[in-house]
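For reference, the structure is listed below as structure tokens.
Throughout, read-outs are computed from the coordinates displayed, never taken from laboratory work. Keep in mind that what you see is a predicted model, and the values were worked out from it rather than measured. Cβ placement follows ideal geometry from the backbone for every residue including glycine, while neighbour counts extend to all protein chains displayed.
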Amino acid sequence: MKDIPNTMSQTETPARRIELEGCYNLRDIGGYATLDGRTTRWGTIFRADGLHRLPAHSQAKLLGYSLRTIIDLRRPAELETSPNVFANSSAVTYLNVSLVEDESQARELPSLVNLYKTMLDSGAAQFRLVFDALLIPGSFPALVHCTAGKDRTGMVIALLLGLAQVPNQTIAEDYALSTEYLSPLFDTFRQQWQQGRPDADLAGYEKLLASEPEMMLETLEYLDSKFGGARQYIAGLGFNEEEIEYLRDSLTE
């Protein structure tokens, strides 16, 4: 494995939330303390909602963070209706990994915790593709996103932060930030949910819009009890110790 790059300029002032026209839930996951005394690197992993709304100046601003990789976790139907503005870009490596492949699974009204557990139980092949992409030398800084940037993206980020040994409570608090940042999009999400669903359970759907920290904590407890934690889960995808340490070192300093 090659040396870990320093992706954040010494003159930059890091910030958790990045204000960007057309994107509501764009965040840097740097600056979190780990259990072993490290800190997650700023300017290395970003998480976001859909990028299809970005005007040209926002695209340029985002690329100004020296992005090398964009991982889009949305399903084919979502790509068709809301194409990613970077899908054919020569400036970044774009990868689509449909983390929730079953359309009916995505359209039903599940418990979010059950949905997250299902991703862990049945999404090994998809998670493998995500981590494969991040292990390619030169892949950082990388951005991971889906439509809202909280569920599918939230699970990938939870595994990465868990691998970095960020405490579960901190991971849950990071997850919970989506509720505030996504609020301007909630009306749009409600309208999309009702399309073709005259008997849509809007009261139930409101629960899906939330990002309560307790839901992520319950998911992380499941990850710990069934799989032994994020590191063991990633090892179970077929990665060796050198690869896992490289990824962890890429995320922390």
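So here's what we get for this one:
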item: 5 angstrom amide H check on G22, placed H, neighbours 5+ away; result: none
item: Cα centroid separation, the stretch 109-163 to the stretch 228-247 (Å); result: 14
item: Placed amide H near R41: partners under 5 Å, 5+ positions off or other chain; result: G31, T252, E253
item: Charge sum, other residues only, whose C-beta stays under 12 Å from H52's C-beta, Lys/Arg counted +1 and Asp/Glu -1; result: -2
item: Relative packing of 18-30, 81-93, which averages over residues the other C-beta atoms within 10 Å, highest first; result: 18-30, 81-93
item: HN-Hα J in Hz across the stretch 153-163 - Karplus 6.51, -1.76, 1.60, θ = phi - 60°, x for Gly and Pro; result: 4, x, 6, 4, 5, 4, 5, 5, 5, x, 4
item: Three-way shape call for the stretch 27-251 based on the alpha-carbon gyration tensor, with the a/c threshold at 1.5; result: oblate
item: Table column - 3J(HN,Hα) (Hz), the stretch 64-72, Karplus curve with 6.51, -1.76, 1.60, x for Gly and Pro; result: x, 7, 6, 4, 10, 9, 10, 10, 9
